[in-house]
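Asks: What follows is a structure written as structure tokens; I'll ask about it next.
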Amino acid sequence: MPIHPEIAKILAHLPAPPEGPLNPEAMRAGEAEQVPALEERLPVHAVEDMMASTAAGNVPVRIYTPEEADSYGILVYFHGGAFFLGSLDTHDHVARSLAKESGFKVISVGYRLAPEAAFPAGLQDSYAVLRWAAAQGEKLKWDGKNLAVAGDSSGGTFAAAVTAMAKDDGFDAISHQILFYPSLDLDFDEDRYASLRENAVGYGLETAGLKPFNAFYLDSGADPADPLVSPIKRGDLSGLPKALVITAEFDPLRDEGELYAQRLHSAGVETVLSRYDGANHGFVANFSWIPEFYAALEEAGRFLRGRESK
């Protein structure tokens, strides 16, 4: 099917990328201007900002409680933004929706960003908050059974890497992983995946933009050959938590996400692969106001609750 008409309208009016080097501060300021006012956001029972005191230091987190309950599953969420953009505020609507649809208490992580913080600072923050959440289980009213990770785009990179770090550390408490259109192979070899060619131009994220957008992260010491940077390069995926991998038809990163899902399945991991037709990269964060794409958040909720996917 073609790109969704509502997305097509917006793509038709996107300004040309700025010439010259990317300016993280200006781009972050532009993102911040787009954050809706608090009264326009999806209401949940409680939202709390705090500093998580972790092995990586104090990490800002935002905790969403969907409703009053005796106990909760916990979902640790990592926002996207090519490792240098995104914040607790820009992805607040995603976290709220995940809490509503799953019934889980959601902990959104304000990890350190490139280029100010070199690799592996952001990844260390993300993993450390996961371990902090488990250690704070009694205070968070964790049910002791359901501890999930989720991320979109580069946040999906972190979610996949965190599950591998946990396995290698012998920390086996993660019950679910959700990867929304994840970036899993940061060498950006156009010959490796057909979607890098098929969806190269005209759908928002463009193949030619992948290297410059990820340069802040890679130039800070992240090696694309490292499985913690490119999770698809991990040799053994067995023993990882059950997975929901959501991809978009018109995303240059589509095929690496789908290959990763296939590799998880082949390694014996219970895996659901769900492609959203008519969607582009970033559709959960950017276009969840469209019912067909809000369905991805509903699907994530069903996956976490142990019900059938779409």
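Asks: Which one of E39, E48, E31 is among the acidic types (D, E) and surrounded by 12 or more Cβ atoms within 10 Å (Cβ to Cβ)? Reasoning before the result, please.
Replies: Numbers: E39 fails: surrounded by 12 or more Cβ atoms within 10 Å (Cβ to Cβ); E48 fails: surrounded by 12 or more Cβ atoms within 10 Å (Cβ to Cβ).
On inspection, the qualifying residue turns out to be E31.
Asks: Moving to a separate point now. Can you name the residue in the stretch 230-252 that is among the charged types (D, E, K, R) and part of a strand (DSSP E or B) and, of all such residues, is nearest to V201 (Cα to Cα)?
Replies: Out of the qualifying residues, it is E249.
Asks: Kindly indicate whether A161 is among the aliphatic types (A, V, I, L, M) and open to solvent by 20 Å² or more (accessible area, probe 1.4 Å).
Replies: On the way: among the aliphatic types (A, V, I, L, M): yes; open to solvent by 20 Å² or more (accessible area, probe 1.4 Å): no.
Taking the combined requirement at face value, the residue does not satisfy it.
Asks: Looking at (1) open to solvent by 80 Å² or more (accessible area, probe 1.4 Å); (2) touching a Phe, Trp or Tyr at 6+ places or on another chain (Cβ under 7 Å), which is the one condition that is false for L75?
Replies: In the conditions (1) open to solvent by 80 Å² or more (accessible area, probe 1.4 Å); (2) touching a Phe, Trp or Tyr at 6+ places or on another chain (Cβ under 7 Å), L75 misses (1) alone.
Asks: With the stretch 62-159 as the region, which strands (runs of 3 or more DSSP E) entirely inside it contain at least 3 residues that are closer than 25 Å to D185 by Cβ? Break it down stepwise before answering.
Replies: Working: elements: 72-78, 105-109, 142-152.
It comes to 72-78, 142-152.
Asks: Now, a different point. G202 fails exactly one of the following numbered conditions: (1) under 19 Å from the mean Cα position of the chain (by Cα); (2) at positive phi. What is the number of that condition?
Replies: Against the list (1) under 19 Å from the mean Cα position of the chain (by Cα); (2) at positive phi, G202 comes up short only on (1).
Asks: When you look at S183, is it part of a helix (DSSP H, G or I) and either more than 21 Å from the chain's Cα centre (by Cα) or within 24 Å of G278 (Cα to Cα) (or both), yes or no? Break it down into steps so the answer makes sense when it comes.
Replies: Values: part of a helix (DSSP H, G or I): no; either more than 21 Å from the chain's Cα centre (by Cα) or within 24 Å of G278 (Cα to Cα) (or both): yes.
Against the criterion (part of a helix (DSSP H, G or I) and either more than 21 Å from the chain's Cα centre (by Cα) or within 24 Å of G278 (Cα to Cα) (or both)), S183 does not qualify.
Asks: A166 passes all but one of (1) without any contact (Cβ under 8 Å) to a residue 40 or more places away in the chain; (2) open to solvent by 40 Å² or more (accessible area, probe 1.4 Å); which number fails?
Replies: (2)
Asks: Would it be correct to say that E256 is among the acidic types (D, E), out of contact with any Pro (no Cβ under 7 Å at 6 or more places or on another chain), crowded, with 21+ Cβ neighbours inside 10 Å and within 29 Å of L75 (Cβ to Cβ)?
Replies: Values: among the acidic types (D, E): yes; out of contact with any Pro (no Cβ under 7 Å at 6 or more places or on another chain): yes; crowded, with 21+ Cβ neighbours inside 10 Å: yes; within 29 Å of L75 (Cβ to Cβ): yes.
Criteria met by E256.
Asks: Being β-branched (V, I, T) and over 24 Å from H265 (Cβ atoms) narrows it down to one residue among V229, V201; which is it? Reasoning before the result, please.
Replies: Numbers: V229 fails: over 24 Å from H265 (Cβ atoms).
One residue alone meets the criteria, V201.
Asks: Just wondering, is there one or more residues in the stretch 287-294 that are surrounded by fewer than 22 Cβ atoms within 10 Å (Cβ to Cβ), in contact (Cβ under 8 Å) with a residue 12 or more places away in the chain and under 20 Å from F158 (Cα atoms)?
Replies: No; the residues of the stretch 287-294 include none that is surrounded by fewer than 22 Cβ atoms within 10 Å (Cβ to Cβ), in contact (Cβ under 8 Å) with a residue 12 or more places away in the chain and under 20 Å from F158 (Cα atoms).
Asks: Looking at D49 and the list (1) out of contact with any helix residue (DSSP H, G or I) (no Cβ under 7 Å at 6 or more places or on another chain); (2) at pLDDT 95 or above; (3) more than 17 Å from W132 (Cβ to Cβ); (4) of a type outside the set (V, I, T), which single condition is not satisfied?
Replies: (3)
Asks: Could you tell me how many of the residues in the stretch 270-283 are over 21 Å from H79 (Cβ atoms) and either open to solvent by less than 10 Å² (accessible area, probe 1.4 Å) or in a helix (DSSP H, G or I) (or both)? Outline the logic, then answer.
Replies: Pass one, the stretch 270-283, residues over 21 Å from H79 (Cβ atoms): 270-273, 275, 277-278.
So of that shortlist, the ones also either open to solvent by less than 10 Å² (accessible area, probe 1.4 Å) or in a helix (DSSP H, G or I) (or both) come out as 278.
Residues meeting the conditions: 1.
Asks: Quickly run through the stretch 169-188 and pick out the residues that are among the acidic types (D, E) and surrounded by fewer than 21 Cβ atoms within 10 Å (Cβ to Cβ). Break it down into steps so the answer makes sense when it comes.
Replies: Of the residues in the stretch 169-188, the ones among the acidic types (D, E) are 169, 172, 185, 187.
Residues satisfying the conditions are D169, D172, D187.
Asks: Further, regarding this structure: Go over the candidates S183, S102, S195 one by one and state the one that is in contact (Cβ under 8 Å) with a residue 24 or more places away in the chain and within 21 Å of V47 (Cβ to Cβ).
Replies: Values: S183 fails: within 21 Å of V47 (Cβ to Cβ); S195 fails: within 21 Å of V47 (Cβ to Cβ).
After applying the criteria, what remains is S102.
Asks: Now for a different question. Filter the stretch 192-229 down to the residues that are open to solvent by 50 Å² or more (accessible area, probe 1.4 Å), under 27 Å from H4 (Cα atoms) and part of a loop (DSSP other than H, G, I, E, B) and list them by number.
Replies: R192, V201, Y203, E206 - these are the residues of the stretch 192-229 that are open to solvent by 50 Å² or more (accessible area, probe 1.4 Å), under 27 Å from H4 (Cα atoms) and part of a loop (DSSP other than H, G, I, E, B).
Asks: Still on this structure: Taking the residues in the stretch 111-128 that are crowded, with 24+ Cβ neighbours inside 10 Å, among the small types (G, A, S) and out of contact with any strand residue (DSSP E or B) (no Cβ under 7 Å at 6 or more places or on another chain) as candidates, determine which candidate is nearest to F216 (Cα to Cα). Outline the logic, then answer.
Replies: To start, the set of residues in the stretch 111-128 that are crowded, with 24+ Cβ neighbours inside 10 Å comprises 111, 114, 122, 125-127.
This time we only want the ones that are among the small types (G, A, S), so: 114, 122, 126.
This time we only want the ones that are out of contact with any strand residue (DSSP E or B) (no Cβ under 7 Å at 6 or more places or on another chain), so: 114, 122.
Details: A114: 6, G122: 12 Å.
Result: A114.
Asks: Find the residue count for the stretch 7-28, including only residues that are over 26 Å from L88 (Cβ atoms), open to solvent by less than 60 Å² (accessible area, probe 1.4 Å) and part of a helix (DSSP H, G or I).
Replies: Here the count works out to 2.
The values are calculated or read from the model by the stated rules, or taken from the named source; none is laboratory data. What you see is a predicted model; the values in this text were computed from it and never measured. As a convention, Cβ positions derive from the backbone with ideal geometry for all residues, glycine included, and neighbour counts pool all protein chains shown. For the accessible areas, the whole protein counts, side chains as well, though only heavy atoms, and no ligand, DNA or RNA atoms are used. Shrake-Rupley method; radii C 1.70, N 1.55, O 1.52, S 1.80 Å.
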